[in-house]
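Just so it is clear, none of the values below were taken in a lab; they were calculated from the coordinates. What you see is a predicted model, and the numbers here were worked out from it, not measured in a lab. Quick reminder, even Gly has a Cβ in these numbers, built from the backbone with ideal geometry, and neighbours come from all protein chains shown.
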Amino acid sequence: MFEISTRGKMVEKALLVSGYEPPAGKPMAENLLLELEELVDTLGIPVVDRLLVPMREMHARYLLGTGKAEEISNHIKSEGLDALIFDNELTPSQQRNWESLTGVAVLDRQEVILDIFAQRAQTHEARLQIELARLEYALPRLTRAWGHLVRQGGGIGAKGEGESQLEQDKRRIRVSILRLKRELEEVRSQRSTRRKDRKRAPVPNAAIVGYTNAGKSSLLKRLTGANVLVEDKLFATLDTTTRKVALPNNQPLLLTDTVGFVRRLPHRLVEAFRATLEESVLSDFLIHVLDASQPSVLEFYDTTMKVLGDLGAETKEMIVVFNKIDLVSDPSTLHPLRHHFPNAHFISVHTGEGLDALLEHMAERVSKGSQICKLILPAAEGDRIARLHRSAKVLESNYIEDRLHITASLSARLLPEYTPYRVD
């Protein structure tokens, strides 16, 4: 997997394979295989064929039966294919067996996702997290990944023929894993400090979550004018972006765009991106964006809720948003979704339809728990007065001598700071 950045240029013909349990597993396997094709396309690897393989039991050697493995190997050789990509998760020994049998590069869904993340990560923290996940994935697969591992190394203190190159490389990777974990702890400590500073600030925060390519970054850009990457590809953005939006009730809100979810997301990536995804846990509420034009939209909803459950955020208050309604050719297909999610918003970030109602809902949520207070502040408290105008809904204000008499709707975050100035 270490050569994946160049492999995309070398590979010209890839075969996708998915093993499933018949008969019930076939529809799901078909959907997942189509999604895998999108993932592989993101890496720039051309797909020339897809193959669904029913399997009543998993085989230790090839996952599939020996007969089917030979059939696939012959197909690869006859068609001149140069990559075999499984939607199923392969063990290290299964990958080695397949590469030995076929003579071509063999990947599984987990490796494809890891390599996409490696290409797309931008921030220092994301790169650390990805590198850690890739090394942990690669450690048991070294004999398959590198071709120089049979060499022996001697030297002072060596025993017998010396330490094999494989043992040296494993030791180096373990050292690198420990180093990356230490660096990540430092980064997470810094992130925690920034979160505490943000929590002390009077501005509430909402995290945008959802399946990859549902339009989360587009929504952030449309609502805030943020200069963020918007691209019609899976995992177009991986790094957390936070921007401020002004709500209709004059309340500010911080919106955070998080990494998109995907079915069969490798568990090590959930762990690696835990610090990033914790934005979901620590936010005041969630905005769950779904692609209304996708036939599998309910499966995407379940996938996101499962990952949020792994993070302990599934019970957090949530605004459900179905995006891309402009791409729905038959509006009647939305009726079941409206029935199942009666409080959801149906919007189009592209056309702007439904965004006003969504902003009103967000403003209503931010105002929940607010109190209308009468305050008297000394004119010398210029910073505090300016912050009040920025962060609260001011209903009435006037100066009497050197004091500001003001009536404002204060959020729960603002109340502690302004309680000493209350006169009601």
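Below is a table of values for the structure above.
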| item | result |
| --- | --- |
| Separation of alpha-carbon centers, the range 340-365 and the range 72-126, rounded to whole Å | 40 Å |
| Entries of LYS77/LYS170; LYS216/LYS306; LYS216/LYS244; LYS244/LYS368; LYS181/LYS244 with Cα pairs more than 25 Å apart | LYS77/LYS170; LYS181/LYS244 |
| Viscosity 0.890 mPa s, temperature 25 °C, Stokes-Einstein D of the range 3-109 from Kirkwood C-alpha radius, µm²/s | 177 µm²/s |
| Note, ³J(HN,Hα) from phi for the range 343-355, Karplus 6.51, -1.76, 1.60, rounded to Hz, x at Gly and Pro | 9, 6, 9, 10, 10, 9, 4, 5, 9, x, 4, x, 6 |
| Whole-Hz couplings from phi, Karplus 6.51/-1.76/1.60, listed for the range 77-92; x for Gly and Pro | 6, 5, 8, x, 6, 10, 7, 10, 10, 9, 6, 7, 7, 9, 6, x |
| Partners for LYS26 among aspartates and glutamates (Cα-Cα distance below 18 Å; same-chain residues under 8 apart left out) | GLU35, GLU37, ASP49, GLU57, ASP87, GLU89, GLU299 |
| Dimensionless Rg/Rh of the range 370-421 - Kirkwood Rh, Rg from C-alpha atoms | 0.92 |
| Mean separation of Cα contacts under 8 Å (6+ apart) over length of the range 370-421, as relative contact order % | 48 percent |
| Per-residue HN-Hα couplings for the range 371-386 [Karplus 6.51, -1.76, 1.60; θ = phi - 60°; Hz; x = Gly/Pro] | 10, 7, 10, 9, 10, 10, 10, x, 4, 5, 7, x, 5, 5, 5, 5 |
| FRET efficiency, 1/(1 + (r/R0)^6) with R0 30 Å, evaluated for GLN190 and GLU38 via beta carbons | 0.30 |
| Residues ALA24 and LEU166, FRET efficiency given R0 of 41 Å [Cβ-Cβ distance, rounded to 0.05] | 0.45 |
